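Student: One structure coming up, written as structure tokens, with questions to follow.
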Amino acid sequence: MLDYKDLDLWKASRKLVNSIYRITKLFPSYESFGLTLQLRRCAVSIPSNIAEGIGRNHTKDTVQFLFVARGSLFELETQIYIASDLDYIINDDLSCILDEIEICKKLLNGFIGYHQHKLKTENSKDGV
């Protein structure tokens, strides 16, 4: 069984979580239960869903959870832009976070593609 902790994707998404927590510490205190909480939940959802998908140990389930992680990644990206629009994030931090998001997108899309191909292969062997 594949160990999710060895995946570059999982490691990159954890790095992204740490970055989100670092920048949201600087947000106004009145955002504690608003944008700060939402950003953190989205970020944590990404590596969590990657791990859960791998833990299911069935390709179809893995693909489903990878798509959930991808949705959270896109949601996070949108919220980062909103935080920037509100001047909660300085341009240097915005650029770094967007770079990390882009890395995660590329890794995640590649991983999804790999598992979708694997699923097609499994289905053709089963006559589906």
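Student: How long are the semi-axes of the equivalent ellipsoid of the stretch 88-128, defined as square roots of 5 times the Cα gyration tensor eigenvalues? Whole Å, largest first.
Tutor: 38, 7, 4
Student: Okay, next question. Which trypsin sites (Lys or Arg not before Pro) in the stretch 3-98 pass both tests, a DSSP loop state and at most 15 other beta-carbon atoms within 10 Å?
Tutor: K25
Student: If each of Q64 and K106 carries a label point 7 Å out from its Cα toward its Cβ, how far apart are those two points in nm?
Tutor: Going by the 7 Å Cα→Cβ label model, 3.1 nm.
Student: With N denoting the number of residues in the stretch 46-89, provide Rg(C-alpha) divided by 2.2 N^0.38 Å, to two decimal places.
Tutor: 1.48
Student: Among I50, I90, which comes first, then next, by fewest other beta-carbon atoms within 10 Å?
Tutor: Final ranking by Cβ density, sparse to dense: I90, I50.
Student: Over the chain, what is the relative contact order in percent, taking alpha-carbon pairs closer than 8 angstrom and at least six residues apart?
Tutor: Taking the mean separation of contacting Cα pairs over the length of the chain, I get 29 percent.
Student: Hey, could you grab the Kirkwood Rh for the stretch 8-66? Inverse mean 1/r over distinct alpha carbon pairs, Å, one decimal.
Tutor: Roughly 12.4 Å, rounded to one decimal.
Student: Which residues among the stretch 43-72 fall inside the zone where the amide N is under 13 Å from a point 7 Å beyond the Cα of Y4, along Cα→Cβ?
Tutor: Counting backbone N atoms under 13 Å from the label point, the list is 44-58, 61-70.
Student: Based on the Cα atoms of the chain, what semi-axes does the equivalent ellipsoid have, where each is the square root of 5 times one gyration tensor eigenvalue, given in whole Å with the largest first?
Tutor: Semi-axes, largest first: 32, 13, 12 Å.
Student: Can you give the extra length, in nm with one decimal, that the chain gains between S95 and K15 once fully stretched, where that is 0.36 nm per residue apart less the Cα-Cα distance?
Tutor: So the chain would gain 27.3 nm between S95 and K15.
Values quoted throughout were computed directly from the atomic coordinates according to the rules given, and no laboratory measurement underlies them. This one's a predicted model, so the numbers in the text were calculated from it and none came from an experiment. A quick note on method: Cβ atoms are made from the backbone with ideal geometry, for glycine too, and the neighbour counts reach across all protein chains shown.
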